[in-house]
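Asks: First the structure, which I've put down as structure tokens, then a few questions once you've had a look.
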Amino acid sequence: MKPTRTDAPDTDASRRDFLRRSCAALGGLGLWGLGGSFVETASAAIPAVPGIIVRARRELILFHGQSNAVGTGGRPALTLQQMYANVTFNGGVRPGTDPAAMESLAPLVEYDGGHGTGGEVGTNACADGLVEYTASLDGVPYPSQYSRYSAFTSAEGGRPIGYFASFLNDDNLGGYQGWLDSRTRVEAMLALMRAEGERDGTSVGWLATTWQHGEADSTGNSETRTSYRSKLIALERSHWLKLCQVNLPEQTWRPLWIVAQVCSHNSYGATNFAFCNPIIALAQRDACLASPYLRMVNPQYIFDYADESAQGQPMLHLTNESHRWQGRYFARAIHQLIQDRTRGLPLRNPALDMVAALHVDARTIRVVFNVPVGALTLDTTWVSATRNAGFDVRDADDALVPAGPGDDNLIAAVTVVARDTLQLTLKTVLPASASKITLGWGDAAEVAPVAGRFGGPRTNLRDSAGDADPYVASDGTVRPMHNYALIGDVAIVRLGQVEAER
């Protein structure tokens, strides 16, 4: 069966610019043939530098999205103690729209109650993690740190992106019900923060929004890759124009917006294989590559998912430990991006991500990556082995390019050849129909209802960030905070194409 089209563009200027700057890693090709208009076009597409962050005494970290952002699957809650001076609503991190749940500030802990059906969300792990990264990496112990955090979730379980987005003019504050409900919660928290600041003579700010979303749209019935990308970018803009600027007019810079990539789309194949497509995961990546304000943090296939088969539910929701761990990944990314935005630099890409694929000879493709820390590593100890470590060769219609009759797998071997470069060795000469390299789209031969590190869309490729950055789970076990590769795709650049650009 031919997979759903993903609306991928034929070229990606940001990746081509990375190729221009990284060809030395591709078999010693150097920078030949990559000058002139090629360089000018690629450089012109680099996003502008966003505004410089000015830190405040009390800063908001807003969790947003759908069911995974409200802790569905996360019972029982794990983080029940306030370690630092971080706060949430008196009604907990899931206040819904109940005014009585948003009357005052309370210690930031997780719990099994409030709006929705969740437990552990990861808000505490995120806020506390930011305190701890500031202490360990910046050398500022907690008592000396200036900023304290408030956090809660404004997500709504099972709602597609259209439920959250306001599609009206920029100067109109109206929108769909999800937008209005979220605005109620955000305005209530900002008002409480401002009242605290007025009492203490201190400043307030909106630091970051985290986004966990896409399960409902991954069915392919509500959004395309292109439409989801556009709406996610527009949603960030709406939060800036219609919430931050209205309620915090003194804040001159846009909050960070960081995304955890949805990785549960194969699980929909339990009921209909037509739903088994990566369009929303790809759209999230597209949006983060296109915007100076959005950044992808990590793919969620590295986590364990709750088994909800008894309820006839696909495997969509993280376990309580996974929600907590996701909060720590958010904390690290926020800390990293603060370093960029306080220095007036473009936001880095904090994720392990493909940026270029070069066809270097008849049976060899080299794939260059953005590697946040250390070097590329092929690893099956945490994420179980999947076909070709997650790589495939596809045509312009997203169908697998076969090696021959009865063999849909063109790749013979995957090998690391440099800190940021992998080599794909092919079984045959690369066919003319081959258009792109895909990573982590999922193997249709695997059991459809499974998601996470043991099944579903995933890769076996990571960096070495976790060698020096451990996550301590609630049971005391230690897990490395490696960056695993995003689900993605990249066009194959053939040597003839490069020569033509000279």
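The values are calculated or read from the model by the stated rules, or taken from the named source; none is laboratory data. The structure presented is a predicted model; accordingly, all values stated were derived computationally and were not measured. Reconstructed Cβ throughout: ideal geometry from the backbone, glycine too, with neighbour counts over all protein chains shown. Ligands, DNA and RNA are excluded from the accessible area calculation, which covers all protein heavy atoms including side chains. Shrake-Rupley method; radii C 1.70, N 1.55, O 1.52, S 1.80 Å.
Asks: So, in the range 148-170, how many residues would count as being among the small types (Gly, Ala, Ser), open to solvent by 10 Å² or more (accessible area, probe 1.4 Å) and modelled with pLDDT of 95 or more?
Replies: Of the residues in the range 148-170, 0 are among the small types (Gly, Ala, Ser), open to solvent by 10 Å² or more (accessible area, probe 1.4 Å) and modelled with pLDDT of 95 or more.
Asks: How many of the residues in the range 106-117 are under 18 Å from Leu190 (Cα atoms) and either among the charged types (D, E, K, R) or surrounded by 18 or more Cβ atoms within 10 Å (Cβ to Cβ) (or both)?
Replies: Summing the residues that are under 18 Å from Leu190 (Cα atoms) and either among the charged types (D, E, K, R) or surrounded by 18 or more Cβ atoms within 10 Å (Cβ to Cβ) (or both) in the range 106-117 gives 1.
Asks: Take the residues in the range 373-409 that are of a type in the set (D, E, K, R) and touching a Ser or Thr at 6+ places or on another chain (Cβ under 9 Å), then tell me which one is surrounded by the fewest Cβ atoms within 10 Å (Cβ to Cβ).
Replies: Ranking the qualifying residues of the range 373-409, first place goes to Asp397.
Asks: It is to be established whether one or more residues within the range 134-145 are buried (at least 17 other Cβ atoms within 10 Å of the Cβ) and assigned to a helix (DSSP H, G or I).
Replies: yes
Asks: Yes or no: the range 480-502 includes at least one residue that is open to solvent by less than 40 Å² (accessible area, probe 1.4 Å), on the phi > 0 side of the Ramachandran plot and of a type outside the set (Asp, Glu).
Replies: No: the range 480-502 contains no residue that is open to solvent by less than 40 Å² (accessible area, probe 1.4 Å), on the phi > 0 side of the Ramachandran plot and of a type outside the set (Asp, Glu).
Asks: What residue, among those in the range 117-151 that are in contact (Cβ under 8 Å) with a residue 24 or more places away in the chain and of a type in the set (A, V, I, L, M, F, W, C), is farthest from Arg57 (Cα to Cα)?
Replies: Per the stated criteria, the residue is Val121.
Asks: Which pairs have Cβ atoms under 7 Å, sit 6 or more apart or on different chains, and link a residue in the range 81-94 that is closer than 16 Å to Glu156 by Cα to one that is of a type in the set (Asp, Glu) and assigned to a loop (DSSP other than H, G, I, E, B)?
Replies: Cβ pairs passing all conditions: Val93/Glu110.
Asks: Looking at the range 278-298, I want the residues that are within 20 Å of Gly344 (Cα to Cα) and have a partner that is of a type in the set (Asp, Glu) and outside any strand (DSSP E or B) with Cβ atoms under 8 Å, at least 6 apart or on another chain. Which pairs are those?
Replies: Taking only residues 6 or more apart or on different chains, the pairs are Leu289/Asp12; Ser291/Glu236; Tyr293/Glu236; Leu294/Glu236.
Asks: Something else: Identify, from the list Asn370, Asn320, Asn349, the residue that is of a type outside the set (A, V, I, L, M, F, W, C), open to solvent by 20 Å² or more (accessible area, probe 1.4 Å) and touching a Gly at 6+ places or on another chain (Cβ under 6 Å).
Replies: Asn320
Asks: Within the set of pairs 6 or more residues apart or between chains, which connect a residue that is touching a residue at least 24 places away in the same chain (Cβ under 8 Å) and over 22 Å from Ala101 (Cα atoms) inside the range 161-186 to a residue that is open to solvent by less than 50 Å² (accessible area, probe 1.4 Å) and among the polar types (S, T, N, Q) with Cβ atoms less than 6 Å apart?
Replies: Ser166/Ser238; Gly175/Ser166
Asks: Can you tell me which condition Gln245 does not meet? The list is (1) closer than 21 Å to Arg341 by Cβ; (2) part of a loop (DSSP other than H, G, I, E, B), and all the others hold.
Replies: For Gln245, the exception is condition (2).
Asks: Ok, one more. Six or more apart or on different chains, Cβ atoms under 7 Å: show the pairs whose first residue is in the range 415-436 and closer than 14 Å to Val401 by Cα and whose second is of a type in the set (Asp, Glu).
Replies: Correct list of pairs: Ser433/Asp395; Ala434/Asp395; Ser435/Asp395; Lys436/Asp489.
Asks: Against the conditions (1) modelled with pLDDT of 95 or more; (2) touching a helix residue (DSSP H, G or I) at 6+ places or on another chain (Cβ under 7 Å); (3) in a loop (DSSP other than H, G, I, E, B), where does Thr202 fall short? Just the number, please.
Replies: Here Thr202 meets the rest and fails (2).
Asks: Does the range 118-126 contain at least one residue that is over 22 Å from the mean Cα position of the chain (by Cα) and open to solvent by less than 50 Å² (accessible area, probe 1.4 Å)?
Replies: No, the range 118-126 contains no residue that is over 22 Å from the mean Cα position of the chain (by Cα) and open to solvent by less than 50 Å² (accessible area, probe 1.4 Å).
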